[in-house]
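Here, each number is a calculation from the coordinates, and none is a lab measurement. Please read all numbers here as calculations on a predicted model, not as lab measurements. Heads up, the Cβs are rebuilt from the backbone with ideal geometry, glycines too, and the neighbour counts pull from every protein chain shown.
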Ligand code: TRP
Ligand code: SF4
């Protein structure tokens, strides 16, 4: 059983600024973020350095793309009053932690990250034989650990990155969380909690260690979280003492698996920029109409009265995302019996897509018209993020012996 996060209700996630977001991002990622922002303390950031690991030759657009992406987020409903929205390169402490963690990260761990080999194979035109690209997953680990995030919402393809983050945190804590007088300090910290909490902590710890009672571990952690008077060091010690022999300086995050988006592209494959089958989040209605009207349908429906099979039609995939039960029933039976034509069948989803985009487009236009507002939101987010990052870095430097304690 691993050590969970100290700040268990903190969520962190990031996206590379690879251009305008599309409906696949909206249904796959952003809607999940929208839900999380009301339940957790959220940090959402633009991973612009990560974009450089693969796009260093065309870096001229990174700044503009980052800003546009933030506007996409805000337009989709990310609320800067709830979530901190920031840009990775404006919080240079990420780079410092990345560097420090690089000292203890075996090269083999990075070479074995599945996406490392995959991306090199998938992008054969790019020279990815760089030090920076090898460090992709480590930079991501630093992004996460610097906020001591409890949860990281990511898709399936990123789970291996969270796993390596946990391994690195564990290694860091093992190497730098040890103290010669750990047991004495733990004892003092327990006693300082007062008789009642001290007894609960000891009982819960025993239940966990002797019987593997995970519920007891949870309760012990929340007991510590609720004690606001505990010093940072003592909290780290008491967390660490639950299942190890050292302080927990960098807690291990958990991934929050984002359900794979069912959002199809115009051709029925997964919506993705590299397939050229996207509808942008802010695409103009007439362009949406045009793109969707030329979508392929079941090839069996050559003439209007040829029956079709929705299972062979990308338009049906759109109905699954956008239509209610009765519309789906209408489309399905109408298609199978040739009672409806493809044009009317499509029009229903075209209308639904445009309706979904309308408020998003208008919010985006408001932000586009006020660049200082967007600038201000980013600055505020960066400064809040930086505060949290600096707190962690002070402890990291201290634990590593770079500054005296
Ligand atoms: N690698 C992520 C992606 O490609 C982006 C990312 C960078 C990230 N750092 C992160 C995601 C930290 C979550 C947490 O989508
Ligand atoms: Fe596709 Fe609808 Fe035409 Fe059937 S009627 S083939 S589901 S567009």
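Output the 0 to 90 degree angle, nearest 10, between the alpha-carbon long axis of helix 232-243 and the longest principal axis computed from the alpha carbons of the chain.
Compared with the principal axis, the helix lies near 80 degrees.
How far, in degrees from 0 to 90, does helix 214-226 lean away from the longest principal axis of the Cα atoms of the chain, to the nearest 10?
Rounded to the nearest ten degrees, it is 80.
Note down the nm distance, to one decimal, between modelled labels 7 Å out along Cα→Cβ at residue 121 and at residue 79.
Distance between label points: 4.5 nm.
Which of 252, 183, 236 ends up with the largest GNM mean-square fluctuation for the chain, with Cα atoms connected below 10 Å?
In the Gaussian network model the winner is 183.
List 161, 55, 25 from most exposed to least, where exposure is judged by having the fewest other Cβ atoms within 10 Å.
55, 161, 25
For 353, 232, 288, what's the fewest-to-most ordering of other Cβ within 10 Å of each Cβ?
Starting with the residue having the fewest Cβ neighbours, the order is 232, 288, 353.
As I understand it, the value is the acute angle between the Cα axis of helix 159-176 and the longest principal axis of the Cα atoms of the chain; what does it come to in degrees, rounded to 10?
Approximately 10 degrees, to the nearest ten.
Taking the Cα centre of each part, how many Å lie between the range 313-350 and the range 5-47?
31
At 0.36 nm per residue, and after removing the present C-alpha to C-alpha distance, how many nm does the segment from residue 355 to residue 259 gain when stretched out fully? Numbers along the way, then the final one.
Details: separation 96, 0.36 × 96 = 34.56 nm, distance 2.37 nm.
The residue 355-residue 259 span can extend by a further 32.2 nm.
Comparing 65, 277, 121, which has the greatest mean-square fluctuation in the GNM of the chain with Cα pairs linked when under 10 Å apart?
121
I need the shape label for the range 1-84. Rule: rounded when a/c is under 1.5, else prolate if a/b > b/c, else oblate, with a, b, c from the alpha carbon gyration tensor.
Oblate, since a/c reaches 1.5 and b/c is not below a/b.
Relative to the present Cα-Cα distance, how much length would full extension add between residue 209 and residue 188 at 0.36 nm per residue of separation?
Numbers: separation 21, 0.36 × 21 = 7.56 nm, distance 2.04 nm.
So the chain would gain 5.5 nm between residue 209 and residue 188.
Taking every DSSP beta bridge that has both residues in the chain, what percent is antiparallel when rounded to the nearest 5?
Of the beta bridges lying entirely in the chain, close to 10 percent run antiparallel.
Can you report the principal axis dimensions of the chain using only the alpha carbons, biggest first, rounded to whole angstrom?
Principal-axis extents of the chain (Cα, largest first): 83, 47, 42 Å.
Determine Rg/Rh for the range 263-405; Rg is computed over alpha-carbon atoms and Rh is the Kirkwood hydrodynamic estimate from the same atoms. Mind dumping the intermediate values first?
On the way: Rg = 23.9 Å, Rh = 18.7 Å.
On the Cα set of the range 263-405, Rg over Rh gives 1.28.
Running a GNM on the chain with Cα contacts under 10 Å, which residue among 184, 243, 63 ends up with the highest mean-square fluctuation?
Its mean-square fluctuation being the largest, the pick is 184.
Which FRET efficiency, nearest 0.05, do residue 232 and residue 286 yield, Cβ-Cβ r, R0 60 Å?
Working: r = 57 Å, r/R0 = 0.94.
With a Förster radius of 60 Å, E is 0.60.
For the range 70-188, what is the Kirkwood estimate of the hydrodynamic radius, computed as the reciprocal of the mean inverse distance between distinct Cα atoms, to one decimal in Å?
One over the average 1/r among Cα pairs gives 16.7 Å for the range 70-188.
Sort all Cα-Cα distances of the range 182-239 into consecutive 5 angstrom bins from zero, then give the percent of pairs in each bin up to the one containing the longest distance.
Whole-percent P(r) values from 0 Å outward: 4, 21, 32, 27, 14, 3.
Can you sort 45, 172 so the residue with the fewest Cβ neighbours within 10 Å comes first?
On the way: 45 26, 172 23.
Ranked by crowding around the Cβ, least crowded first: 172, 45.
Could you work out the mean projected area of the convex hull around the alpha carbons of the range 119-257, in square nanometres to one decimal? If you can, show how the numbers build up before the last one.
On the way: hull surface 41.0 nm².
Across all orientations, the range 119-257 yields a mean hull projection of 10.3 nm².
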